[in-house]
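Supplied in structure tokens, the structure appears directly below.
We did not get these values from a lab; they are worked out from the coordinates using the rules stated. Treat the numbers as computed from the prediction; the structure is a model and nothing was measured. Every residue, glycine among them, receives a Cβ derived from its backbone with ideal geometry; neighbour counts consider all protein chains shown.
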Amino acid sequence: MSPVLDTLRWCSTCLAMSTRPRISFDSRGLCNACVWAEKKKSLDWLARQRELERLLDKHRGSGPFDCVVPVSGGKDGSYVAWNLKHKYGMNPLAITVTPALSLPLGDRNLRAFVESGYNHMSINPAHEAMRRLNRVGLVDMGFPYYGWLIAIQAGVVRMAQKMGIGLIFYGEDGEVEYGGTTETDKNPIYDTQYMRRIYLEGGYDKVLDASGLSESDLFFFRFPSDEELRRNPIEITHWSYFENWDPYRNYLVAKEHCGLQEAESSNHGTFTNFAQNDQALYALHTYLMYLKFGFGRANQDASIEVRRGAMDRDQAVNLVRLYDGQYPHEFLETYLDYYRMDRATFDAALDRWANRELFEKRDGYWTPRFQVR
């Protein structure tokens, strides 16, 4: 038995795994995401509401746009933008960094969001620059849309800084909501150094340097300098700090008010159909997550459903065993064409990131050496 398998555990409430980066468990066996879910039931949300209003008052009317909301046309960005505009009277600028392999449903949802009444800007980095960064991310980080991940942070911050907009609202704080560092659970504001360290997993400089791209091609992938941010400071925050985050509620609001449509059937690798419908690379991202850590898209979705009380743990286990870890055959030819790889090279890139203590290869595919329990 390997050391990892010997110590492998799952949350006693949801299915968060001990392999998740920065996760912790309390004496009851609850992961930090479930501990947070408990804490939210008694949190002083009224105090956080007042904190939000003070933050908005500080920026309201500061220019043609007084805040930025990164959006994909999906449920979460739509929900945040709708609240800022219609509940709090802000004038948000919605910004989308176009993904490399957008899906038709995602394109329709983004158009429906814009037509529901929002000022919107699309950032379209040079296609070849994005492709090269994504390929380096796949091979060197096990992160198949790493270039896009950089741009939805660095590019958005850069445009806010250039336009003199001092407030950016992302959706949920994934570290706090889903199990990770809790350093932002009491402080809503974070900076670009936090983005680099946590969300870009410390690989920002490594990937940019390895790409061999010119500085002009890297414009939307470079954060503003410290000097630029001193001249035009930006407060970056998550909406989930200020109210109890509920992805399904967000979906219902976005569907009613922003024209969101769900997929006709469940998405690849999971049982849900209303989230992450914007790009084909998300299925590859969650498959690599599965190979690295042992949990994939279905585990992620099931754990959210358990924590919000919509599913019991036994149901979650059954769904994860049924859906998790599916090889992304649906988009394989698209991936090979995009990364300019043959099948053997592509599979070798995936194999590099497979955790041999958790998986073994059988008949050409990685098979878990564990069973979710």
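Karplus couplings for segment 258-272 from phi (6.51 cos²θ - 1.76 cosθ + 1.60, θ = phi - 60°), rounded to Hz, Gly and Pro as x?
10, x, 4, 10, 8, 5, 6, 9, 5, 6, 4, x, 7, 9, 9
For Ser27 and Ala344 in the same chain, what is the full-extension length gain: residue separation times 0.36 nm, less their Cα-Cα distance, in nm?
Full extension from Ser27 to Ala344 adds 109.6 nm.
While we're on this one: Give the cross-link partners of Lys41 among the lysines, using a straight C-alpha distance below 20 Å as the criterion and excluding same-chain residues fewer than 8 apart.
Lys186
List the aspartates and glutamates whose Cα sits under 13 Å from the Cα of Lys206, skipping any in the same chain fewer than 8 residues away.
Asp140
Taking amide H positions as placed 1.01 Å from N in the peptide plane, with prolines and chain starts having none, which residues 5 or more places from Asn119, or on another chain, fall under 5 Å of its amide H?
Ala94
I want to check the label-to-label distance for Tyr365 and Asn119. Put each point 7 Å from Cα in the C-beta direction and report it in nm to one decimal.
Rounded to a tenth, the inter-label distance reads 5.0 nm.
Right, next: Add -39500 (n - 2.57) for each DSSP H run of 4 or more in the chain, then divide by its residues: what number comes out at 222 nm, to the nearest 500 deg cm²/dmol?
-12500 deg cm²/dmol
Hey, got a sec? Which GluC sites (Glu not before Pro) in segment 141-215 land in a DSSP loop and have at most 13 other Cβ atoms within 10 Å?
Glu183, Glu215
Binning at 5 angstrom from zero up to the longest distance, how are the C-alpha pair distances of segment 4-147 distributed in percent?
2, 8, 12, 11, 11, 14, 16, 15, 8, 2, 1, 0
Who wins for biggest fluctuation among Gly294, Gly74, Gly63 in a Gaussian network model of the chain, springs between alpha carbons below 10 Å?
Between Gly294, Gly74, Gly63, it is Gly63 that shows the largest mean-square fluctuation.
Where is the GNM fluctuation largest for the chain (alpha-carbon springs, 10 angstrom cutoff): Glu305, Glu243, Glu128?
Largest GNM mean-square fluctuation: Glu128.
Could you give me the ³J(HN,Hα) list for segment 211-227, computed from phi with Karplus coefficients 6.51, -1.76, 1.60 and θ = phi - 60°, whole Hz, x at Gly and Pro?
In residue order, the calculated couplings are 6, x, 7, 6, 5, 5, 5, 8, 3, 7, 10, 9, 5, x, 5, 4, 5 Hz.
Another question, if that's okay. Compute the distance from the alpha-carbon center of segment 72-116 to that of segment 223-272, in whole Å.
9 Å
Show log10 I(q)/I(0) for segment 45-241 at q = 0.08, 0.10, 0.12 Å⁻¹, two decimals, from a solvent-free Debye sum over equal Cα scatterers.
-0.26, -0.41, -0.60
Sort Trp353, Trp148, Trp36 by Cβ crowding within 10 Å, fewest neighbours at the top.
Ascending Cβ contact count within 10 Å gives the list Trp353, Trp36, Trp148.
Just checking my list [x] 67, 45, 43; [y] 58, 50, 50; [z] 60, 51, 40 against Cα extents along the principal axes in Å computed from this structure; which label fits?
Given [x] 67, 45, 43; [y] 58, 50, 50; [z] 60, 51, 40, the structure-derived one carries the label [z].
Another question about this same structure. If amide H atoms are built 1.01 Å from N in the plane of the peptide, which residues on other chains or at least 5 residues away come under 5 Å of the amide H of Cys67?
Hits under the 5 Å cutoff: Asn91, Leu93.
If we sort 255-262, 20-27, 227-234 on the protection proxy, mean other Cβ atoms within 10 Å, highest first, what's the order?
So the order, starting with the most tightly packed, is 255-262, 20-27, 227-234.
If r is the Cβ-Cβ distance from Arg313 to Ser266 and R0 is 25 Å, what FRET efficiency results, to the nearest 0.05?
Efficiency computed from Cβ-Cβ geometry: 0.80.
Next question. Using 7 Å Cα-to-Cβ label points, what is the Gln49/Leu252 separation (nm, one decimal)?
Computed distance between label sites Gln49 and Leu252 equals 1.8 nm.
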